[in-house]
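So the structure is just underneath, and the comments pick up after that.
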Amino acid sequence: MTDHRLQYPATARNRDVILDVLRGVLPSSGLVLEIASGSGEHVVHFANALPGLTFQPSDPESDAMRSVEAWVQDSGVTNVRPPLLLDASAATWPVTSADAILCINMIHISSWRASEGLMHGAAKILRAGAPLYLYGPYRRTGIVTAPSNEAFDDSLKSRNPEWGLRELDMVTELAGSVGFSGPQVIEMPANNLSVVFRRV
């Protein structure tokens with residue numbers, strides 16, 4: 001029997017520290033939409049730890065969709081909905097409302113158009129006060145980028161010139177332009193950041 005589960009070593013390393021942050025960010029109940037769910041390892045981990053929430057995974061790639069389904073089946077969690085095909089850059093999304101949105105490690109591995117779509121889509125479906133949680137590496141004004149992140153940025157751009165580490169100021173400006181608060185920024189291991197915007 002084919003095992004469709006994808007596995008990313010970084011997920012095992014970062015899922016618990018992300019969960020620690022999410023405990024203070026997410027509501028106690030409601031629907032959490034995950035954009036760019038990837039393998040599905042994150043969503044089953046969070047769903048298992050936060051049973052009061054319902055999680056809606058999504059991804060634009062069919063391999064990811066199969067992996068999410070396989071991880072959900074293997075884990076036995078009951079508070080994860082079937083994954084949706086969702087391209088963050090699309091003008092309309094197949095979800096019309098959510099109580100929170102998670103987006104982990106997407107912004108630097110996608111075009112800027114996807115970031116624009118993420119912000120516009122999130123602004124449409126989140127109510128006032130609801131969080132948009134982002135995780136990943138960023139460039140920050142006045143802070144020297146870690147050598148490992150510089151090397152990662154070079155590697156991303158060699159794979160696709162539209163990819164690469166984003167300036168946090170640019171992401172913040174984009175979020176503010178569509179109705180989000182300024183960010184809460186939390187330092188994470190391995191030179192990553194948790195960035196939390198809230199719908200105004």
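Read-outs: derived from the displayed coordinates by stated rules, not from any lab. Because the structure is a prediction, the values reported are computed rather than measured. Virtual Cβ from ideal backbone geometry, glycine too; neighbours counted across all protein chains shown.
Looking at the chain, identify the longest residue range that excludes and avoids all GluC sites (Glu not before Pro) in DSSP loops having at most 16 other Cβ atoms within 10 Å. Could the numbers behind the result be given before it?
Values: sites that count: Glu61, Glu162.
Counting only loop sites that pass the neighbour cut-off, the longest clear stretch is 62-161.
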Next item on the list: Please figure out what share of the DSSP beta bridges in the chain is antiparallel and state it in percent, rounded to the nearest 5.
Entry: 40
Margin query: I want to check the label-to-label distance for Asn191 and Glu173. Put each point 7 Å from Cα in the C-beta direction and report it in nm to one decimal.
Written below: 2.4
Notebook entry, point to check: In debye, nearest 20: dipole of the chain around its Cα centre with unit charges on the Cβ of K, R (+) and D, E (-)?
Noted result: 420
Note to self: 5 Å is the cut-off here: which amide hydrogens, built 1.01 Å from N in the peptide plane, fall below it relative to Arg139, excluding neighbours closer than 5 in sequence?
What the structure shows: Arg166, Glu167, Leu168
Item checked: trypsin sites (Lys or Arg not before Pro) within the range 1-79: DSSP coil, no more than 13 neighbouring Cβ in 10 Å -> Arg23
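Just check the range 77-200 against the gyration tensor rule for me: Cα atoms, a ≥ b ≥ c as the square roots of the eigenvalues, rounded for a/c under 1.5, and otherwise prolate or oblate depending on whether a/b exceeds b/c. Walk me through the intermediate numbers first.
On the way: a/c = 1.70, a/b = 1.45, b/c = 1.17.
In terms of gyration-tensor shape, prolate.
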Margin query: Charges on Cβ only, +1 for Lys and Arg, -1 for Asp and Glu, centred on the Cα centroid of the chain; of Gly142, Ala10, Gln184, which one is farthest towards the dipole's positive end?
Written below: Gln184
Check: So what is the 222 nm mean residue ellipticity for the chain from helices alone, if each DSSP H run of at least 4 adds -39500 (n - 2.57) and you divide by all residues, rounding to the nearest 500 deg cm²/dmol?
Finding: -11500 deg cm²/dmol
